[in-house]
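Here's the structure, in structure tokens; my notes come after.
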Amino acid sequence: MSGVQRETFVRFKEDVLKGLSSSPKNLHPKYFYDEKGSALFREIMVLPEYYLTGCELDIFKNKTDELGKMVAMDGTPFDLIELGAGDGFKSTHLLRHLYQENTNFNYMPIDISGTILDILGGSLQSEFPDLEVQRFEGEYMEMLAEACSRSNNRKVVLFLGANIGNMEPDECKGFCAQLQSLLSPGDMVLIGFDLKKDPKQVLNAYNDASGVTSKFNLNLLERINRELMADFDLDQFEHYPSYDPISGACKSFLVSLRKQEVRIDGHTIGFDKNEVICTEISQKYDLTEIQNLAEQTGFHLYGMIHDSKKWFVDAVWQI
Ligand code: AVI
């Protein structure tokens, strides 16, 4: 094991033991995304019930002109920084539009995965040979600070996919305030929020008929078994999603189907029958909450772009 791998292993083990010793028990959703979890998430994104990806893609494909006008603002050169760029399948629509309009901008994708940045870099190079791309591999905030220190232009930060919803409200406020502290007056952020809507529609998105989301949730226990020498019996835990239409908190849990004990690298964790582990929050917002969040964290609302169903919004905030 290299030094970095050892550090990652120790952090994972500490977080898991701490979360499972808390009351209520919890696990951080960032741990969903090992190789199998990432593949399952790609399956989720194309499920008929999981409307979020299609809604935001609708904005990037069909409201590109509006998006382009907002981020290009008065025509001053800018650096477009994308947090968690992945393969850029949504943002590429915006890049294409800006490139075709001869907009003066550079692109700075940030991602934890070097492999995905290689793939993205290759496709950008062939489609937009004159676009200046500077890639940053690592954690969002660390890399954003690095990107900002290398930028002399106005900055526009993209944070798509309703990833902001995977933060608890306090964590989310802290995240937005930290974003604000790294930016300067005139800079913008464009954040994808999933909106409050028919509660059945929301709940179905996290409770698909084919059971992929259940596998995605249970894979967290499988990962702990694999990487931390644990002995979770996956047949004794069940995926349980819930949605509170008033607070907008959509939560995923794993329910223990009997009283049981699990060993994790020499530690024993007890579960009562029906005790739950909270594995994820996918917070839904209304427009007033989005505006308030902007104002509480040092931004003002510059614009909002909805998908055609008005289920999702990309909000543009400026300092
Ligand atoms: C990545 N994130 C925005 C997804 C969501 O909707 O919260 C993760 C997810 N979990 C279950 N389905 C999708």
**OP:** List every residue pair whose Cβ atoms lie under 7 Å apart, where the two residues are 6 or more positions apart in sequence or sit on different chains, the first residue falls within the stretch 167-183 and is among the aromatic types (Phe, Trp, Tyr), and the second residue, located anywhere, is surrounded by 14 or more Cβ atoms within 10 Å (Cβ to Cβ).
**Re:** Phe175/Met167
**OP:** Scan the stretch 219-230 for residues that are out of contact with any Ser or Thr (no Cβ under 8 Å at 6 or more places or on another chain) and within 12 Å of the ligand (Cβ to nearest atom) and jot them down.
**Re:** Asn219
**OP:** Mind listing whichever residues of the stretch 171-197 are not aliphatic (A, V, I, L, M) and not in a helix (DSSP H, G or I)?
**Re:** Ser184, Pro185, Gly186, Asp187, Gly192, Phe193, Asp194, Lys196, Lys197
Original post:
From the list Ala85, Ala72, which residue is among the small types (Gly, Ala, Ser) and away from the ligand (no atom under 15 Å from the Cβ)?
Top reply: Ala72
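Table: residues versus (1) within 16 Å of the ligand (Cβ to nearest atom); (2) among the hydrophobic types (A, V, I, L, M, F, W, C); (3) touching an Asp or Glu at 6+ places or on another chain (Cβ under 7 Å).
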site	(1), (2), (3)
Gln134	no, no, no
Arg150	no, no, no
Arg154	no, no, yes
Leu182	no, yes, no
**OP:** Determine the pairs where a residue that is closer than 17 Å to Glu227 by Cβ, located within the stretch 253-278, has a partner that is modelled with pLDDT under 95 and open to solvent by 50 Å² or more (accessible area, probe 1.4 Å) with Cβ atoms under 9 Å apart, the partner being 6 or more residues away or on another chain.
**Re:** Arg263/Met229; Ile264/Met229; Asp265/Met229; Gly266/Met229
Original post:
Do we have any residue at all in the stretch 76-96 that's surrounded by 18 or more Cβ atoms within 10 Å (Cβ to Cβ), touching a Leu at 6+ places or on another chain (Cβ under 6 Å), among the acidic types (Asp, Glu) and in contact (Cβ under 8 Å) with a residue 40 or more places away in the chain?
Top reply: yes
Subject >> Output for the stretch 200-215, where each listed residue is surrounded by 15 or more Cβ atoms within 10 Å (Cβ to Cβ) and not acidic (Asp, Glu) >> reply: Val202, Leu203, Asn204, Ala205, Tyr206, Asn207, Val212, Thr213, Ser214, Lys215
Subject >> For Leu234: the one exception among (1) exposed (fewer than 15 other Cβ atoms within 10 Å of the Cβ); (2) within 16 Å of the ligand (Cβ to nearest atom) >> reply: (2)
Original post:
Just checking, how many residues over the stretch 262-289 are more than 27 Å from Thr213 (Cα to Cα) and either within 19 Å of the chain's Cα centre (by Cα) or aromatic (Phe, Trp, Tyr) (or both)?
Top reply: 1
**OP:** Determine whether Val313 is buried (at least 21 other Cβ atoms within 10 Å of the Cβ) and in a strand (DSSP E or B).
**Re:** yes
**OP:** Being open to solvent by 60 Å² or more (accessible area, probe 1.4 Å), in a loop (DSSP other than H, G, I, E, B), of a type in the set (Lys, Arg) and within 23 Å of Asn219 (Cβ to Cβ) narrows it down to one of Arg258, Arg263, so name that one.
**Re:** Arg258
Original post:
Within the stretch 234-241, is even one residue modelled with pLDDT of 95 or more and more than 26 Å from Ser21 (Cβ to Cβ)?
Top reply: no
Subject >> Residue pairs meeting the criteria (Cβ under 6 Å; at least 6 apart or on separate chains; first within 30 Å of Asn219 (Cβ to Cβ), in the stretch 279-299; second modelled with pLDDT under 95) >> reply: Glu280/Pro29; Ile281/Glu168
**OP:** Select, from Ile281, Ile246, the only residue that is out of contact with any Leu (no Cβ under 9 Å at 6 or more places or on another chain), open to solvent by 60 Å² or more (accessible area, probe 1.4 Å) and of a type in the set (A, V, I, L, M, F, W, C).
**Re:** Ile246
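The values are calculated or read from the model by the stated rules, or taken from the named source; none is laboratory data. What you see is a predicted model, and the numbers here were worked out from it, not measured in a lab. Backbone-built Cβ (ideal geometry, glycine too); neighbour counts: all protein chains shown. Quick note on the areas: whole protein, heavy atoms, side chains included, nothing else; ligands and nucleic acids left out. Shrake-Rupley method; radii C 1.70, N 1.55, O 1.52, S 1.80 Å.
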